[in-house]
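Visitor: Sharing a structure with you now.
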Amino acid sequence: MFDNLSDRLEAIGKRLKGKGRLTEDNIQETLREVRMALLEADVALPVVKDFVASVRERALGTEVTKSLSPGQAFVKIVHDQLVEVMGAQNDALDLTTRPPAVVMLAGLQGSGKTTSIAKLGRLLREREKKKVLAVSVDVYRPAAIDQLQRLGDEVGIDCYPTDPSADPVATVEAAREQARTGYYDVLLVDTAGRLHVDGEMMGEAGRVHEAVAPIETLFVVDSMTGQDAANTARAFDEALPLTGVILTKADGDARGGAALSIRQITGKPIKFLGIGEKTDALEPFHPDRMASRILGMGDVLSLVEEVERKVDHQKAERMAGKLKKGKGFDLEDMRDQLTQVTQMGGMGGLMEKLPGMGQLTEQASQQMDDGQVRRQIAIINSMTPGERQRPDVINGSRKRRIARGCGLQVQDINRLLKQHKQMQKMMKQFKNGGMKKMMRQMGGGNGMPPGGGMPPGGGLPPGLGGR
C-alpha cells in the first residue's frame, strides 16, 4: 500500500536539507506534492484538504531542534498527522461480555466477508485461544454457506449448519443458542451482501443485528475501491451501528486511499487489514506502524511479532547451537531459512518492514523474488539427504539429475550452490569473531553490504530472529 505516497514523501528530507527553519517558502512546494500524492492515492478530497491544512499549521514557523534537520522535522509532522487521520492507535476487538461474544460482519457481495470470517476465526483461535463458532445467514448464495464450512474446516473452527430455506433471524438465534450450550467464546456471523447498497439488504442486516445484539459489528470493504470504500462504509453506518472496519485486499492496493479516508469520513476505526489470500493473512491495524511504513521507516514491531509467531524456534535454536560448535551451514539449513522467508510473506513482506529498506524493495525483489525462493527450495528438495548435508559431492552428473528432478537448468543448480557457499562463509563469522565482524565485512558496521542491497544472494541470518 501507499507506494506512490511513500516515493513522494521520501524526497522531502532532501529538498529541505540545509534549511534552519520551516517557512511558507520552503514547504509550499512540498505541501503541493503531498496534496497531489494523496489525491493520486485516491484519498477523499475533504480528507486531503484537512490533512494538508493541519500539516501546514503545525509546520510553519517550527524551530528545528539541534538533533533534527528541517526535513526530519517535517517528516515527523507528516507522520503524526497520518497517525491522527488513521486513528491514533489500534482498536482491538471488544469481547468483554458474557460468552458467547457475537461478532457480526456486514458488507457488499465480493468484499471478502466469508474469507474474513475464516481469517478472524483463525486469529481468535490461535492468538487469543478462543473457542469459535461461525454461522452464515447468506441464504441467497448457498455457495457462501459451503465456502464457510470448507474454510472453517481449514482453519479449525466449527460452523453451524445453515438451512438455506430458513429465516436468517431464526438461523442466527439457533446458532447463538448452540454457541451458548457448547461453551463457545465467540460466535462469528456472516451476513448476506449485494452488489450495491439496497434497502432489502440493509433491512435484513438490521433484523439480524437486533436479534443477536452483537458486541462488535464490523464492516468488510475492499480497499481497491478507494474513495467508494469510505462512502459505502458511511452508508452502512447509517443503517447499522458499526464498531469498526476490516479492510480487505490491502496487499493489492498500491494507493491506500481507503485506509486514509475511512476513519475521518465514518468515525469508525479500521480494526484489521486483509493482506493476502491465505487464511493467516489478517493483521490488526496499527495506525502508527502504518504511518511509519508509508514514510519508509519500516515496521519493526510487526516484524518481531511475526517472527515470534511464524519462526520455528526449535529449528532456530538447533541451528544456532550447530554454528556455535563450528558445524557447517548445509543445504538443509538453507532450505529452512528459505521456507521461513515464504512463511513471513516473502522477500517483499520482509523488506517493507525493515527501516530504510522501502527504496530497496524493488532492487531486492529483482535479486531474489518470491518465485526464485520457491525455485531454490525445489532444487534442494530434488537432492538426496546426503547431497544436502555434503554439497561438495554434487558433481556434473548429479547436477543434471537434480535439474531434471526440479524442472530447472544446471545453471540454476550452480547458482544455488554458489549462493550457499557465500552464505556458509557468512555464517562462519558467528564462530570466528561474532556478529560485529560480519557486520563490518558487510559494509562499515551498518548491517548493509557496500552500496546497499541484500547480503550475497539475499540470505538471512540464522533463525531469522536473532536466535
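Visitor: Of the beta bridges DSSP finds with both residues in region 101-297, what % are antiparallel, to the nearest 5?
Guide: Taking every DSSP beta bridge with both residues in region 101-297, the antiparallel ones total about 10 percent.
Visitor: I need to check one value: relative contact order of region 96-244, counting alpha carbon pairs closer than 8 Å and at least 6 residues apart, in percent.
Guide: 36 percent
Visitor: For region 101-297, what is the charge dipole size about the Cα centre, in debye to the nearest 20, if Lys and Arg each add +1 at the Cβ and Asp and Glu each add -1 at the Cβ?
Guide: The calculated dipole for region 101-297 is roughly 660 debye.
Visitor: Principal axes first, then extents: for the Cα atoms of region 101-297, list largest minus smallest coordinate on each axis, whole Å, largest first.
Guide: 49, 37, 27
Visitor: Here's something else I'd like to know. D153 to T384: FRET efficiency via 1/(1 + (r/R0)^6), r the Cβ-Cβ distance, R0 35 Å, to the nearest 0.05?
Guide: 0.45
Visitor: Given G206, T266, C159, which one lies farthest toward the positive end of the charge dipole of region 101-297, if we put +1 on the Cβ of every Lys and Arg and -1 on the Cβ of every Asp and Glu?
Guide: T266
Visitor: Just order 118-126, 217-225 by mean Cβ neighbour count inside 10 Å, highest at the front, would you?
Guide: 217-225, 118-126
Visitor: Also: May I ask which of K278/K399; K76/K130; K278/K421; K249/K418; K131/K271 have a Cα-Cα span longer than 28 Å here?
Guide: Too far apart for the 28 Å limit: K278/K399; K76/K130; K278/K421; K249/K418.
Visitor: Based on Cβ point charges of +1 for Lys and Arg and -1 for Asp and Glu, what charge dipole magnitude is obtained for region 140-251 about its Cα centre, in debye rounded to the nearest 20?
Guide: Dipole magnitude for region 140-251 comes out near 100 debye.
Visitor: Which net charge results when you count Lys and Arg as +1 and Asp and Glu as -1 among the other residues whose beta-carbon is under 10 Å from that of L123?
Guide: Spelling it out: positives minus negatives among the neighbours equals +1.
Visitor: Go ahead and run the numbers for FRET between S397 and R374, Cβ-Cβ distance against an R0 of 30 Å, rounding to 0.05.
Guide: Working from the Cβ atoms, E equals 0.75.
Only the coordinates and a few stated rules stand behind these numbers; no lab work does. Only a predicted model underlies this, so the values are computations on that prediction, with no experimental measurement involved. Cβ atoms come from the backbone with ideal geometry, glycine included; neighbour counts cover every protein chain shown.
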